[in-house]
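Student: Below: one structure in structure tokens.
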Amino acid sequence: MFQNFFPIFVVFFYYLLYTKGKIKNGGDLVELETTLSQTIRTAGSNSDYDAACKRLLSEKIILAWIMRNCLEEYRECSISEIIEKYIEGEPQIAEVPVQPDQTNPSLIKGERTEDKTITEGTITYDIRFTATAPKSGELIRLIINVEAQNNFYPGYPLIKRSIYYCSRMISAQYGTEFSSAQYDKIRKVYSIWICMNPPKSRENTITQYSIAEKPLVGHVTEKVENYDLMSAIMICLGKPDSENYNGVLKLLNVLLSSETAPDEKEKILHDDFDIEMTQNLEREVSLMCNLSQGIVESTTERNTLDSIRNLMETLNLTTEQAMAALKIPEAERPKYASMLEEQ
């Protein structure tokens, strides 16, 4: 009897492997990468998607929305005012270094922008730019870093990495913004992290981590600007039907969504946030949507193809029998049969 049921058991086992090869993560279909070859095959697509995501976030109107909603210096400013008066130059995308090995004076000035460590390779900030801000009639200068993070649990607390980034942006100012006798010239830094797939408890939240004064003995008060030199900000996106789904949280969720069509994105950005779709912004929105959809489709196809091949090899089934066992729709079978013949 066991021999009669064994083939059915194996087919069911491989079907489980096929279905478990994909998981729902924040509404997006994500492949469980298990081999080096799978990683290599998707590297190009994921790299293109990440680059498109960074370019979208580096648009000045998007940065202005983030700054007004998350940075206290800009709470009273209009979006157009931030763009026209306070963001300096052009944001640098995946150029400015994080690690210390090749830090040099030109980094802060925006010339040489690559950074390498001997053991860790090239590591760069996703987006980094400088800005001025009004304060008591004077202008203060800030260094701001924006990171897009898809994995909220990369094996360490993200907040520690963001604080490290803040520390690096301060220490890298030595010799460029200040010297040993000019610590008063240190510029305040922000590291802003946009988390696209946070745990449910963090969805649609914005949290700031800063240096604060806490008297231990007596009541001495220091000027805030003398210690308020770094802030890490975690922007955790969430689903549309969740609490607090409005303002910059809604803006970023719509902008970075892999499920919302380009036309719908453009309508929401225009109607809800008064963002005019320039030719460049429209192109980047469309490109990122296409790339994200392409990644989903390619990973799904690859899982299906691997499952067909495994059944054929293990149970000595024909292509058609394997596809029937996996309940692949009739309309899709010629595509997979052709892909198997080409390999």
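The values are calculated or read from the model by the stated rules, or taken from the named source; none is laboratory data. Keep in mind it's a predicted model, so treat the numbers as computed, not measured. Neighbour counts run over all protein chains shown; Cβ positions are idealised from the backbone, glycine included. Please note that ligands, DNA and RNA were not included when accessible areas were found on the heavy atoms of the full protein model with its side chains. Shrake-Rupley method; radii C 1.70, N 1.55, O 1.52, S 1.80 Å.
Student: Cβ under 12 Å from Tyr74's Cβ, Tyr74 left aside: what net charge do those residues give with Lys, Arg +1 and Asp, Glu -1?
Tutor: Working: positive: Arg68, Arg75, Lys85, Lys135; negative: Glu72, Glu73, Glu76, Glu81.
Once positives and negatives cancel, what remains is 0.
Student: Simple spin-label model, 7 Å along Cα-to-Cβ: Ile140 to Tyr174 in nm?
Tutor: According to this spin-label approximation, the distance is 2.3 nm.
Student: Round to the nearest 0.05 the FRET efficiency obtained for Thr132 and Ser242 when R0 = 35 Å and r is the Cβ-Cβ distance. Don't skip to the answer; put the middle values down first.
Tutor: Working: r = 35 Å, r/R0 = 1.00.
Computed FRET efficiency for Thr132 and Ser242 comes out at 0.50.
Student: In segment 187-232, carbon and sulfur make up what percent of the accessible area (probe 1.4 Å)? List each step's numbers first, then the result.
Tutor: Values: 1540 of 2740 Å².
C and S atoms contribute 56 percent here.
Student: If you take the beta carbon distance between Glu76 and Thr319 as r and set R0 to 41 Å, what does 1/(1 + (r/R0)^6) give as a FRET efficiency, to the nearest 0.05? Don't skip to the end; give the middle numbers.
Tutor: Working: r = 66 Å, r/R0 = 1.61.
That pair, Glu76 with Thr319, gives E of 0.05.
Student: Turning to a different aspect of this structure: How would you rank 183-192, 207-216, highest first, on the average number of other Cβ atoms within 10 Å across their residues?
Tutor: Numbers: 183-192: 18.5, 207-216: 10.5.
Ranked by mean Cβ neighbours within 10 Å, highest first: 183-192, 207-216.
Student: So, one more: Taking H placed 1.01 Å from N in the peptide plane, check which residues at least 5 places from Ile140 or on another chain put their amide H under 5 Å from its amide H.
Tutor: It is Ala133, Lys135, by chain and number.
Student: Continuing with the same structure: Could you run the Karplus curve 6.51 cos²θ - 1.76 cosθ + 1.60 with θ = phi - 60° over segment 318-332 and give me ³J(HN,Hα) per residue in whole Hz, x for Gly and Pro?
Tutor: Taking θ as phi minus 60°, the curve returns 6, 4, 5, 5, 5, 5, 5, 5, 8, 6, 6, x, 3, 5, 8 Hz for segment 318-332.
Student: What order do you get for 218-228, 324-334, 167-177 when each peptide is scored by the mean count of other beta carbon atoms within 10 Å, highest first? Kindly include the intermediate steps, with their values, before the conclusion.
Tutor: On the way: 218-228: 9.3, 324-334: 12.7, 167-177: 17.3.
Most protected by this proxy first, the peptides run 167-177, 324-334, 218-228.
Student: About the Cα centre of segment 194-263, what is the dipole size in debye to 20, counting +1 per Lys and Arg Cβ and -1 per Asp and Glu Cβ, all else neutral? Mind dumping the intermediate values first?
Tutor: Numbers: 6 positive and 9 negative charges, 32 e Å.
Roughly 160 debye for segment 194-263.
Student: Would you mind getting me the FRET efficiency between Met277 and Tyr153? Use the beta-carbon distance for r and R0 = 30 Å, nearest 0.05. Don't skip to the answer; put the middle values down first.
Tutor: Details: r = 35 Å, r/R0 = 1.16.
That gives a FRET efficiency of 0.30.
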